[in-house]
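**Student:** Sharing a structure, written as structure tokens. Questions coming.
Read-outs: derived from the displayed coordinates by stated rules, not from any lab. Being a predicted model, the structure only gives us computed values, none of them experimental. Cβ coordinates were reconstructed from backbone atoms using ideal geometry, including for glycine residues, and neighbour counts include every protein chain displayed.
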Amino acid sequence: MNTAEEVVLDVEGLRMRYGTTDVLREVTFRARRGEVLALLGPNGAGKTTTIEILEGFRMRSAGRVSVLGADPAHATEDWRARIGVVLQSWRDHGKWRVREVLAHLGAFYAGYTTERVPRPWDADELIAAVGLTGHADKKIRMLSGGQRRRLDVAIGLVGRPELLFLDEPTAGLDPQARREFHELVRGLAGSRETTILLTTHDLDEAEKLAGRIVILDGGRIIADGTAEELARRITGEDEVRWTLDGQRFTRSTRDSTALVFDLFERHGRRIGELEVRRSSLEDTYLALVRQAEGAAR
Amino acid sequence: MSPAAAAVRAGWTRGLIELRQSFTNGAELFAHFLWPGLTLAVAWWLRDVPFGDSGYPLGTLLLPSILGMNVANGMIAMSQQLTAEREDGTLLRAKAVPHGMLGYLTGKVVSVAGGTVADLAIFLIPGLLIVPGLVTGNLASWLTLAWVVALGLVATLPAGAVLGSMFGSARAQGLIMLPFLGLIAISGIFYPISSLPGWLQGVAQVFPLYWLGLGTRSALLPDSAAALEIGGSWRHLETAAALGVWAVAGLLLAPVVLRRMARRESGSNVAARRERALRRIG
């Protein structure tokens, strides 16, 4: 049995239409067990709509969707027990204490315990795993934004899901909280037990966390691959700066090595203050989005 | 343990936790005592004021009526909490766990019914001490009170859940207080219904509020006070039938309406409602 190859998320030709507007068109992608997949795109690209369809919270207009082998539109409670959901904004259970709410929501998974995977995740262990020890007896409405977000993730994990959905998990977090959150997700991904689908509009975050990035823009997928593959697919333009006889020059080029070689060949030691800025993945991403939007127009 | 049984058990615990929260925080504790306190003060004030030539003090007639009316507070609380918790995402959270809605509703019934019964006790116990002429010495009174309150809760809580599912925001939900107040006015709570025009009596008898007041009066007032009621009788059979019809209708309708509401819940709906709410404040 090759579980590593098992497809847990299979989306084909997904379409979502409101009135006469298509907010998702022909969205097709897959995720295999243990993979961390980032759905990257600017605001309004259709990321949340996509993830809500996969979570079974929203009905699609057309297309085939299979999540853990079932159609989320007709999912059963047993299917629900296998997935974890972290939505964009929660503000529920404000009067409850951290440990109390984890123990309570965990109790719903008690009937799904197996020999290999005991469910639910013990509340105190889970609190430690997300770094909330010391806040276990705090009321939830007293938590900071970052702590609240970690609690949301803990709730998403309390049933030890096979598949975890994270919608904009770091929106509104300060850099420190964001870094801690990244560690948490990397730790989860490291175990290869949980498949993770996260949405983000932050390319840096997608690159740090995900094994594979699917770029969504204007309701369509415009690229799908590892960070390296994406960078290779569209070579952005490098920026080369130099001085020649005290005069400054700047040029953008797809092949900076050739340009620099050419410069030295022609001017030798008269070239000074040479600087080559490689196009970053961010430039690639922006170029992709620009290109896609140009094509749509 | 089967997953559904686990959910019911979790829901039971949830109800108890919510009850505890409701009686351990200052603002809610204040609310639990404020309304009973005010109405008791009125009943005490009217303890010696005779009602017409019936021979009963107004306070004595008033106390059991208000007790019956307070049973229906569970309906209001149910609908308010459902609307509020839909707005803050609690319901969506319930939807995200297996059999979560079952657990959520179990919890809601436990906490609202428990809270209502506690509120009734907070009102009734001091009331018995300060208002004269109530019948409390025999078992029959308490048994009548028990079945009226129990059947009253079953008749009104599902109706509250249906109302709570229908309103999109806590603000719109507040509108149900208007017809509720109107209903109180015509249901013989603060004044005997027999002094109202016949058609208003007919309207009042469609709703559970009148029957709740009648039932609690029949439990706590001497039998001779039945002379003030429609037909000069406590009409226990009719009371059970009317509340029973509401209970059956509510129990049939509530699951359908709740399921429809739950199906529509999604994160973006919660976020959109929150944005609207924030815009109103800002």
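**Student:** Antiparallel DSSP bridges in chain A: what percent, to the nearest 5?
**Tutor:** 65
**Student:** How many Cβ atoms of partner chains, on average, are near each residue of A:268-281 if near means within 10 Å of its Cβ?
**Tutor:** 0
**Student:** Given charges of +1 on the Cβ of Lys and Arg and -1 on the Cβ of Asp and Glu, with all other atoms neutral, how large is the dipole of the stretch A:153-232 about its Cα centre, in debye to the nearest 20?
**Tutor:** Result for the stretch A:153-232 is approximately 200 debye, rounded to the nearest 20.
**Student:** Using a Cα-Cα cut-off of under 19 Å, which lysines could be cross-linked to residue B:95, ignoring same-chain neighbours fewer than 8 residues away?
**Tutor:** By straight Cα distance, residue B:95 reaches B:108.
**Student:** Please give the FRET efficiency for residue B:277 paired with residue B:181, using the beta carbon to beta carbon distance and R0 = 22 Å, rounded to the nearest 0.05.
**Tutor:** 0.35
**Student:** Counting other beta carbons within 10 Å of each Cβ, put A:91, B:14 in order, fewest first.
**Tutor:** Sorted ascending by nearby Cβ count, the order is A:91, B:14.
**Student:** Here's a follow-up. Within 10 Å of each residue's Cβ, count the other Cβ atoms and sort A:185, B:49, A:158 from fewest upward.
**Tutor:** B:49, A:185, A:158
**Student:** What percent antiparallel are the DSSP beta bridges of the protein assembly as shown, to the nearest 5?
**Tutor:** Among the beta bridges of the protein assembly as shown, antiparallel pairing accounts for roughly 65 percent.
**Student:** I've got another one for you. Please order A:28, A:48 by the number of other Cβ within 10 Å, starting at the fewest.
**Tutor:** The fewest-first ordering by Cβ neighbours comes to A:28, A:48.
**Student:** In a shell of Cβ-Cβ distance under 9 Å around residue A:253, excluding residue A:253 itself, what net charge do Lys and Arg (+1) and Asp and Glu (-1) give?
**Tutor:** -2
**Student:** Using the Karplus curve 6.51 cos²θ - 1.76 cosθ + 1.60 with θ = phi - 60°, work out ³J(HN,Hα) for each residue of the stretch B:5-14 in order, rounded to whole Hz, and write x for Gly and Pro.
**Tutor:** Here the 3J(HN,Hα) series is 5, 4, 5, 5, 5, 4, x, 4, 4, 4 Hz.
**Student:** Let me ask you something else. Assuming a ≥ b ≥ c are the square roots of the Cα gyration tensor eigenvalues, decide whether the protein assembly as shown counts as rounded (a/c under 1.5), prolate (otherwise, with a/b larger than b/c) or oblate.
**Tutor:** Prolate is the answer for the protein assembly as shown, as a/c is 1.5 or above and a/b outweighs b/c.
**Student:** Quick one: dipole size for the protein assembly as shown, taken about the Cα centre, charges +1 on Lys/Arg Cβ and -1 on Asp/Glu Cβ, in debye to the nearest 20.
**Tutor:** Dipole of the protein assembly as shown, to the nearest 20 debye: 440 debye.
**Student:** So if I place +1 on the C-beta of Lys and Arg and -1 on the C-beta of Asp and Glu, and nothing else carries charge, what would the dipole magnitude of chain B be about its Cα centre? I want it in debye, nearest 20.
**Tutor:** 1340
**Student:** So, one more: Sort A:163-173, B:196-206 for me by packing, meaning the mean count of neighbouring Cβ atoms within 10 Å per residue, highest on top.
**Tutor:** A:163-173, B:196-206
**Student:** Quick one: net charge around residue A:109, please, counting Lys, Arg +1 and Asp, Glu -1 for every other residue with C-beta under 12 Å from its C-beta.
**Tutor:** Once positives and negatives cancel, what remains is +1.
**Student:** Another question about this same structure. Per residue of A:51-60, what is the mean number of Cβ atoms on other protein chains within 10 angstrom of that residue's Cβ?
**Tutor:** The mean count of partner-chain Cβ atoms within 10 Å per residue comes to 4.
**Student:** Can you pull out the trypsin sites (Lys or Arg not before Pro) in the stretch A:173-274 whose DSSP state is coil and whose Cβ has at most 12 other Cβ atoms within 10 Å?
**Tutor:** Qualifying residues, ordered by number: A:254.
**Student:** Over all pairs of distinct alpha carbons, what does the Kirkwood formula give as the hydrodynamic radius of the stretch A:117-243, in Å?
**Tutor:** 16.6
**Student:** Return the calculated 222 nm mean residue ellipticity for the protein assembly as shown, to the nearest 500 deg cm²/dmol, obtained by summing -39500 (n - 2.57) across DSSP H runs with n ≥ 4 and dividing by the residue count.
**Tutor:** Taken over the protein assembly as shown, the calculation gives -17500 deg cm²/dmol.
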